[in-house]
1. Assuming residue 290 fulfils every condition listed in (1) touching a residue at least 40 places away in the same chain (Cβ under 8 Å); (2) of a type in the set (Ser, Thr, Tyr); (3) crowded, with 18+ Cβ neighbours inside 10 Å; (4) in a loop (DSSP other than H, G, I, E, B) apart from one, which condition is it?
2. Just to be sure I understand, how many residues within region 375-427 are at negative phi, touching a residue at least 60 places away in the same chain (Cβ under 8 Å), in a loop (DSSP other than H, G, I, E, B) and more than 22 Å from the chain's Cα centre (by Cα)?
3. Could you list all residues from region 140-177 that are farther than 15 Å from residue 233 by Cα and of a type in the set (D, E, K, R)?
4. Can you pull out the residues in region 39-48 that are within 17 Å of residue 303 (Cβ to Cβ) and open to solvent by 60 Å² or more (accessible area, probe 1.4 Å)?
5. Go through 228, 285, 269, 281 for me and flag whichever is in contact (Cβ under 8 Å) with a residue 12 or more places away in the chain, open to solvent by less than 40 Å² (accessible area, probe 1.4 Å) and either at positive phi or in contact with an Asp or Glu (Cβ under 9 Å, 6 or more places away or on another chain) (or both).
6. Return yes when residue 315 is in a loop (DSSP other than H, G, I, E, B) and either farther than 26 Å from residue 188 by Cα or modelled with pLDDT under 95 (or both) and no when it is not.
7. Within region 297-314, is there a residue that is among the aliphatic types (A, V, I, L, M) and in contact with a Phe, Trp or Tyr (Cβ under 7 Å, 6 or more places away or on another chain)?
8. Look at region 128-149 and say how many of its residues are more than 13 Å from residue 204 (Cβ to Cβ), in contact with a strand residue (DSSP E or B) (Cβ under 8 Å, 6 or more places away or on another chain) and not in a loop (DSSP other than H, G, I, E, B).
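The values are calculated or read from the model by the stated rules, or taken from the named source; none is laboratory data. Everything numeric in this text was worked out from a predicted model, so none of it was measured. Here the Cβ is made from the backbone with ideal geometry for all residues, glycine too, and neighbour counts use every protein chain on show. The area values use the complete protein model at the heavy-atom level, side chains included, leaving out ligands, DNA and RNA. Shrake-Rupley method; radii C 1.70, N 1.55, O 1.52, S 1.80 Å.
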Amino acid sequence: MTDLRWTYAVTGVVLLATALAAPAALAAEGKLTVWGDTLRVQSYKVYAEQNDGVELDIVTVAPEEMVTKLQLALRAGSGVPDLVFISDAPNSAMLATRRADYLMNLDGLVDEALLGDFYPNANAPCIVNEDLVCLRNDLAHNLIWYDKPQMEAFGYAVPTTWEEFIVLSADLAENHPGYFLGSSTDPYGVYAMIMSSGCDMATPVAGRDNTLLVDLSNDACLRAADMIDTMNANGTLIKSGPFDPEFVQTAQDGKLLLYVGPTWFGEFILKPSYQIPAGEIAAAIPPRWSEDDKPLTWSFGGGAFGIWKDTDNLDAALDMLVWLTTSEANQKDAVTFPPYAPVTVLWGEKLIDDAYYADDQVFAAMEEAATYADPRNNARRFDMPSVIGKIVSPAVASGRTLRETLPALEQEIVNTARVAGYEVVNE
């Protein structure tokens, strides 16, 4: 992806200049009310400082309370924000329903050229019934994070396919017992591995609003389940999640050889929580299945911004939305990977020079992996990791295989989707 990176670095200058020179303030007809978590407050303040005439009423709302508080505000008919931060982008579907009919359809309101400079499918989690209802603030797509000197000491190459991943697992279990490659019970990890295979766990059906395809009996789902079962049986996937004490302690002991996890995992987990020393961690693009042309990667987090469909301050809210998601002023020094490619190039410069990592290729891996985002990662009105955590995690922890648990998982997905108002089909 070096060519893409430098292409954006050169041609993106004009686009950035356009975005930053856009009317500094499409002045609000009145005060803009904006909701967000504590991390968003500074961005909101900077926007107000850079846009004379914009007056903001900033309300801090905990992510887990956002949907409920919006429902209450909508029901009361007062205090409804003009713009909100959605901490997990797929939750946008919960804010575009009859119970919380909040989000505006942005199709035709945001410049198509600007949308085209987001990474491919970056805004897929903002799509509800084929309508774009938010813009991503950050991406959290998966990478391979690995212990580079340990991999070299063992004579291993970084796997480029899941088949190679399975071979690596078998060799590791036989020749280096005690080292491991991830979790067999963590809902997000299991979700990502299954979806990387193209499994239709809850795929939106084109042309049919509120309709999901759920079929966990096909070969794509079974090959992923069999891989997880094989690695769980040989001990290279352990029955605890990346934030559980057992997992953390084993990683701190230097036994985590490789982990498929999100872009923020290096800076916020491997370094501070697992206390992995400088010079050891490197990153690579996620594996693909050998019969596929490219990987499919899923998100573990990644927020978004959306606008109230009945705002009286549409121009000002749109201006702020675009600034938050695409401006160099807000995104160059963002905490996590920005989705707007011209700015992301600038953001990534610090990773290239970061001495913590074993080489200077971490950002290149992040950038290439961003082009492999699964287009089926649309918004849904329920949380899939919660469903997996309810059915899969206890079953696998108790000794059952994932393959034999798939029918129960499928039924739970179907039941949950129907409760959420979806029609479910299996073909």
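1. Among (1) touching a residue at least 40 places away in the same chain (Cβ under 8 Å); (2) of a type in the set (Ser, Thr, Tyr); (3) crowded, with 18+ Cβ neighbours inside 10 Å; (4) in a loop (DSSP other than H, G, I, E, B), residue 290 violates only (3).
2. Looking only at that region, the number is 4.
3. 147, 148, 152, 163, 164
4. Within region 39-48, 39, 42 meet the criteria.
5. Checking each option against the conditions leaves just 281.
6. On the way: in a loop (DSSP other than H, G, I, E, B): no; either farther than 26 Å from residue 188 by Cα or modelled with pLDDT under 95 (or both): yes.
Taking the combined requirement at face value, the residue does not satisfy it.
7. First, the residues of region 297-314 that are among the aliphatic types (A, V, I, L, M): 304, 307, 314.
Applying the additional criterion that residues be in contact with a Phe, Trp or Tyr (Cβ under 7 Å, 6 or more places away or on another chain) yields none.
No: zero hits.
8. Residues flagged as more than 13 Å from residue 204 (Cβ to Cβ), in contact with a strand residue (DSSP E or B) (Cβ under 8 Å, 6 or more places away or on another chain) and not in a loop (DSSP other than H, G, I, E, B) within region 128-149 amount to 10.
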